[in-house]
Every structure is written in structure tokens, then in C-alpha cells.
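**Student:** So that we are looking at the same thing, I have put the structure below in C-alpha cells.
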Amino acid sequence: MHTRNVRGRRPEAARCAWSLVLFTLALFLVSTSPRAQAIPAFARKYGLPCSACHEAWPKLNNFGQVFKDNGYQLGNDKDAPIFHEPAYWPVSFRMTPNWHRENTDKVLVDQAASGVQSITTHGFDLSGLDILTAGTLNKNISFLMVPSADSTGAFHFESVWVRFDNLLKTSWLNVKMGKFELDNVFSEKRNLTLSNTGGPYQIYHYQPLTDVSAGTTPFGIGDNQLGLEVMGHSKNSYTRYSVSVLSSNDGNVGLPTGNSYDVFLAASQAFEAGGLGLQRVGGFAYLGQLPTVYPTSGGAPIPGAGQGYKGFQREGIYGMWYLKRLDITTMFTHNSESKYLATGAAADGSIPLPDNARDASWNGALIETHFTVNPRWILVNRYEAIRMSQQSDPTVPSNLGDIDALTFGTRYYPFMHSRDGFAIHPEYSILRTRGNFQNGTGPLQDSTTSSLFLGFDFIF
């Protein structure tokens, strides 16, 4: 990531600003009407078009949100497995063959005269594979299982859960257990960006450059977590809440850290705004903790025996604003973590806390726009900014690790039916980080990475 006390020349920022202007102009130079595609298994099951649940596959509309909140049920005879057609198989496969170009503007290179060189790689590639199976085991008992492989074919379980729906005959009480995405209405699993730089949300995964724990115990709100969720919603899902109790291991199996739990809270409220569409506002808070001390055996840390827990927090508010075919999502977050986690110090003093160490804190802002040109074409743009408000080490520059990230792209759906989904997906993203690069003992410098991506995203 990138640099320090800089306030002058910003070539990358200028390019980002021009890109944003051009993208905004494009929004007003194109035209037409509604929405697009869906996960095929559910469309086949209920005989609905994919656009019933999706504005643009995989992004849900409110009907799709209600269907998901109801445990993948419409409240008719087709909900229970015993009423399914024998040929129905609730499994889908998703993968994205692609070409992409990656650039890092500053890399230490032995053969370079200055020792520093820009490195660019490009070529044809594959994404990972998701195998999605979901539905109902019985009336009001729903499930999701997603075995996933990276591009080399190494498998893991991205998500596995079972949920009891409509307990006490009310939509306000649903209980889920397993590995699941946190109840982020702005979902990272259903986002419309795929490139290496632009795919993940920086605002969900950021940890300070000086954060020692980021290298040993990374954490992201966008990561699927292991735990139990109690969730409720109104019949139309305009009002939603969730409370989750989670193992403190960022979704990793085998209890690698210790015997501790985190809590995630979320709530949102939607309302109609005349002919503009459905608006939604909400907030969330993640209260977590991680060990700073591990007992050892033969000098090696004992997995799962962590002690000396110290806390971290992530809080945010967001709005999803619809202006007919243009929707804008805004989000602001405040984040903090203990000085022990930030510096790698141990609570028992075995690794001393540095002099003058402080808790680290930072703020994040996001704005993402989608413009539905017509039912088969959507334009996407996102800008994220993260600013440190307090470094754990008071001697480092106050803006060390600040980032700016810009992503823009489009998805075009050549056809739409219930058997499968297909999108042609070009995208460009750029990320600048303050103070992320240093050549020997030279000054800290900004670093920029960028991705250019063209993918054929399909699900069957």
C-alpha cells in the first residue's frame, strides 16, 4: 500500500478523477429500462425468470432479498423437497475464464539500475470455481453449501449452513448455524466487480500498514464467518435485523486461535420514495478479539490455545439510494484495534509494548453506483477512501497506509433464461497506498497497483 506526508502532486489521483468524470458522463449518454439475471437452480425450481430476484446477476432486488430472507421459500407447495420434480437438481456451477493485466508501479528488482522497476504481467487465466447448492431440507429448514476451489483446483468450503426459518410462526425469528456471510446488505459475495484489485471491498478488509496482526491473523467483514446468527425481518424485508455470535478466527476451521467469540450486529430500514424506487439505510457493528499470547510446546505455539485477548471494532452506516435506473450506495465506517494487536505486543509482557504505543484507528468511505442501461447491460463504478485517524506508532506519518481505490466496469448479458447466466465483464481498477514502498533506507513512497480485466462470467 502507499505513502506519507504528501499533499502535492497526485498523478494517479488525477487519472482517477478523470476516469470518474468520464464514467459519470457515460451514465447520461446511454439509455433504456429495467433489470437482469439469476442463479439458475431457483429459477428452474419455481418457473420464474431470473430477473424476478435480480437487478443484474448476481445483485439481488428486494423480491430476491425477501426470498433469501424467507430461507429460499416463496410460501407455496414448491418450497419443500418432496414436491420437487424428480429431475430437479439444486446445484449450480460458476466460473470465469478471463484475460487480465496487472501492474505494480514500484517493485524492488535486482537488475534495475535504480533497484526499482514497474512490473506488468498479463495473459489468459481462470477464476476459482464455486459449486452452489441451496434450498430447503423441509418446510422452514433451509440450507446453503458452497464448495469452492481456487484457480489451481484446491478446494475448501466457502459457505455451509442450515437455518430454521419462521420459528414460532413469525418471520422475526430465524436461526442459522454454520459458515456464512455476515448480514451485510451491501454484499461482497454478490458484488459486480471481479478484478484482482477491484473485486474485494477495501473498506471491509483494510488493516493498517503498521499492524503486526494483519500478517498473522488477517480479518475482513467481507469474509464468511463461523458461528450462529439470529435474524428477523418484516414480511416485505423493509425492516431487518441480525445478531451473530462467531468464533474469533475469521472463518478458519479447526479453532486455530482460541476459545473466544465475536459479536456482529446489523439492522436496516427500507422505504419507498415515490417513483424513484426503494431506498434503504442501515448500520452494523463488529466487536471482535484476538489472542496476543500462545503457550508453546517444544518452542512452537499450540494451536487453539491463545490467551491474553485484546479487542478490535468495526462500525459502519450505509445508504442504498435509487433514482430509477441509477442506484448509489454510500457507506462510512469507523474502525479501531488495540495497541497490542497493532504492535504485536503480548498481554503478559513476554513481547513488550513499544514506548508510546497507542490504539490504532481509521475511517473509511465508499460510494458505488450502478446504472441499468437496459435489462441486459449495467454500468458499475466504485470509489473507496481510507484514512488513518491514529497510528499505533506516533512517530510514523499520520497518513501512512491511507488508500484510494477506483473501479469501473460493465456487465453485458447476451441472453437471459432460467437454465444459466452469462455476462461479458470488462473492468479496470486502480489502488494507491501511501508509504507502502521503500528502497533500502530511502524515503517512503506511494505505490500504485492496477488491474485490467475481461472475463466471461457464467453460471449453469
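**Student:** In the set Leu173, Leu129, Leu182, Leu168, which member is under 26 Å from Phe458 (Cβ atoms) and either open to solvent by 20 Å² or more (accessible area, probe 1.4 Å) or of a type outside the set (Ser, Thr, Tyr) (or both)? Before the answer, list the steps.
**Tutor:** On the way: Leu173 fails: under 26 Å from Phe458 (Cβ atoms); Leu182 fails: under 26 Å from Phe458 (Cβ atoms); Leu168 fails: under 26 Å from Phe458 (Cβ atoms).
Exactly one of Leu173, Leu129, Leu182, Leu168 is under 26 Å from Phe458 (Cβ atoms) and either open to solvent by 20 Å² or more (accessible area, probe 1.4 Å) or of a type outside the set (Ser, Thr, Tyr) (or both), namely Leu129.
**Student:** Let me ask something else. Specify which of the listed residues (Trp377, Trp362) is aromatic (Phe, Trp, Tyr), at negative phi and touching a Pro at 6+ places or on another chain (Cβ under 8 Å). Talk me through it step by step, then tell me what you get.
**Tutor:** Numbers: Trp377 fails: touching a Pro at 6+ places or on another chain (Cβ under 8 Å).
Unique residue meeting the criteria: Trp362.
**Student:** Still on this structure: Just one of (1) buried (at least 23 other Cβ atoms within 10 Å of the Cβ); (2) among the hydroxyl-bearing types (Ser, Thr, Tyr); (3) within 8 Å of the chain's Cα centre (by Cα) trips up Ser187, so point out which.
**Tutor:** (1)
**Student:** Here's a follow-up. Being assigned to a loop (DSSP other than H, G, I, E, B) and within 11 Å of the chain's Cα centre (by Cα) is the filter here, so list the residues in the range 195-205 that pass it.
**Tutor:** In the first step, residues of the range 195-205 are kept if they are assigned to a loop (DSSP other than H, G, I, E, B); the result is 195-201.
Gly198, Gly199, Pro200, Tyr201, listed by residue number.
**Student:** Let me ask you something else. Among the residues of the range 305-328, write down those that are part of a loop (DSSP other than H, G, I, E, B), open to solvent by 20 Å² or more (accessible area, probe 1.4 Å) and within 18 Å of Ser248 (Cα to Cα).
**Tutor:** Within the range 305-328, the subset part of a loop (DSSP other than H, G, I, E, B) is 305-306, 308-309, 324-325.
If we keep only those that are open to solvent by 20 Å² or more (accessible area, probe 1.4 Å) too, we end up with 305, 308-309, 324-325.
Residues satisfying the conditions are Ala305, Gly308, Tyr309.
**Student:** Report every pair of residues separated by at least 6 positions or lying on different chains whose Cβ atoms are under 6 Å apart, first residue within the range 332-343 and within 14 Å of Asn356 (Cβ to Cβ), second small (Gly, Ala, Ser) and in a strand (DSSP E or B).
**Tutor:** Within 6 Å, the pairs are Ala342/Ala360.
**Student:** So for the range 327-340 (the condition being touching a strand residue (DSSP E or B) at 6+ places or on another chain (Cβ under 7 Å), on the phi > 0 side of the Ramachandran plot and not β-branched (Val, Ile, Thr)), does at least one residue qualify?
**Tutor:** Scanning the range 327-340 turns up no residue that is touching a strand residue (DSSP E or B) at 6+ places or on another chain (Cβ under 7 Å), on the phi > 0 side of the Ramachandran plot and not β-branched (Val, Ile, Thr).
**Student:** Among the residues of the range 406-421 satisfying the criterion of being of a type in the set (Phe, Trp, Tyr) and closer than 12 Å to Trp377 by Cα, which is modelled with the highest pLDDT? Please lay out each step first, then the result.
**Tutor:** First pass over the range 406-421, keeping only residues of a type in the set (Phe, Trp, Tyr): 408, 412-413, 415.
Now narrow it down to the ones that are closer than 12 Å to Trp377 by Cα: 412-413, 415.
Working: Tyr412: 96, Tyr413: 93, Phe415: 86.
So, considering only residues that are of a type in the set (Phe, Trp, Tyr) and closer than 12 Å to Trp377 by Cα, the one modelled with the highest pLDDT is Tyr412.
**Student:** Evaluate the following for Thr136: is it β-branched (Val, Ile, Thr) and surrounded by fewer than 17 Cβ atoms within 10 Å (Cβ to Cβ)?
**Tutor:** no
**Student:** Here's another thing I want to ask about it. Do we have Ser297 as small (Gly, Ala, Ser), farther than 30 Å from Pro375 by Cβ, touching a Ser or Thr at 6+ places or on another chain (Cβ under 9 Å) and surrounded by fewer than 19 Cβ atoms within 10 Å (Cβ to Cβ) here? It would help to see each step written out before you state the result.
**Tutor:** Details: small (Gly, Ala, Ser): yes; farther than 30 Å from Pro375 by Cβ: yes; touching a Ser or Thr at 6+ places or on another chain (Cβ under 9 Å): no; surrounded by fewer than 19 Cβ atoms within 10 Å (Cβ to Cβ): yes.
Criteria not met by Ser297.
**Student:** Let me ask you something else. When you scan the range 139-154, how many residues do you find that are open to solvent by less than 60 Å² (accessible area, probe 1.4 Å) and outside any loop (DSSP other than H, G, I, E, B)? Write out each step before concluding.
**Tutor:** First, the residues of the range 139-154 that are open to solvent by less than 60 Å² (accessible area, probe 1.4 Å): 140-144, 146-149, 153-154.
Within this subset, residues satisfying the condition of being outside any loop (DSSP other than H, G, I, E, B) are 141-144, 146-149.
Residues in the range 139-154 being open to solvent by less than 60 Å² (accessible area, probe 1.4 Å) and outside any loop (DSSP other than H, G, I, E, B): 8 in total.
**Student:** Please go through the range 362-393 and give me each residue that is open to solvent by less than 20 Å² (accessible area, probe 1.4 Å), of a type in the set (S, T, N, Q) and more than 16 Å from Tyr322 (Cα to Cα), ordered by number.
**Tutor:** Within the range 362-393, Gln391, Ser392 meet the criteria.
**Student:** Also, I was wondering about something else. Any residue in the range 276-287 that is surrounded by fewer than 16 Cβ atoms within 10 Å (Cβ to Cβ) and outside any strand (DSSP E or B)?
**Tutor:** yes
**Student:** Pairs under 9 Å by beta carbon, first residue at pLDDT 95 or above in the range 81-100, partner assigned to a loop (DSSP other than H, G, I, E, B) and open to solvent by 40 Å² or more (accessible area, probe 1.4 Å), six or more apart or different chains?
**Tutor:** Matching pairs, first to second residue: Thr96/Leu194; Asn98/Leu194; His100/Asn196.
**Student:** Just a yes or no: is a residue in the range 171-189 aromatic (Phe, Trp, Tyr) and without any contact (Cβ under 8 Å) to a residue 40 or more places away in the chain? Before the answer, list the steps.
**Tutor:** Pass one, the range 171-189, residues aromatic (Phe, Trp, Tyr): 172, 180, 186.
Now restrict to residues that are without any contact (Cβ under 8 Å) to a residue 40 or more places away in the chain: none.
No: zero hits.
**Student:** Among the residues in the range 310-322, are any in contact with an Asp or Glu (Cβ under 6 Å, 6 or more places away or on another chain) and under 29 Å from Thr410 (Cβ atoms)?
**Tutor:** Looking through the range 310-322, none of the residues is in contact with an Asp or Glu (Cβ under 6 Å, 6 or more places away or on another chain) and under 29 Å from Thr410 (Cβ atoms).
**Student:** Still on this structure: Of these, Asn252, Asn259, Asn236, which one is assigned to a loop (DSSP other than H, G, I, E, B), open to solvent by 30 Å² or more (accessible area, probe 1.4 Å) and free of Cβ contacts under 8 Å to residues at least 40 places away in the same chain?
**Tutor:** Details: Asn259 fails: free of Cβ contacts under 8 Å to residues at least 40 places away in the same chain; Asn236 fails: free of Cβ contacts under 8 Å to residues at least 40 places away in the same chain.
The match here is Asn252.
The values are calculated or read from the model by the stated rules, or taken from the named source; none is laboratory data. Here the structure is a predicted model, which is why all the values come from computation and not from measurement. Don't worry about glycine lacking a Cβ; one is built from the backbone with ideal geometry, like all the others, and counts go over all protein chains shown. When the accessible area is computed, the model is the full protein with side chains, heavy atoms only, and any ligands, DNA or RNA have been set aside. Shrake-Rupley method; radii C 1.70, N 1.55, O 1.52, S 1.80 Å.
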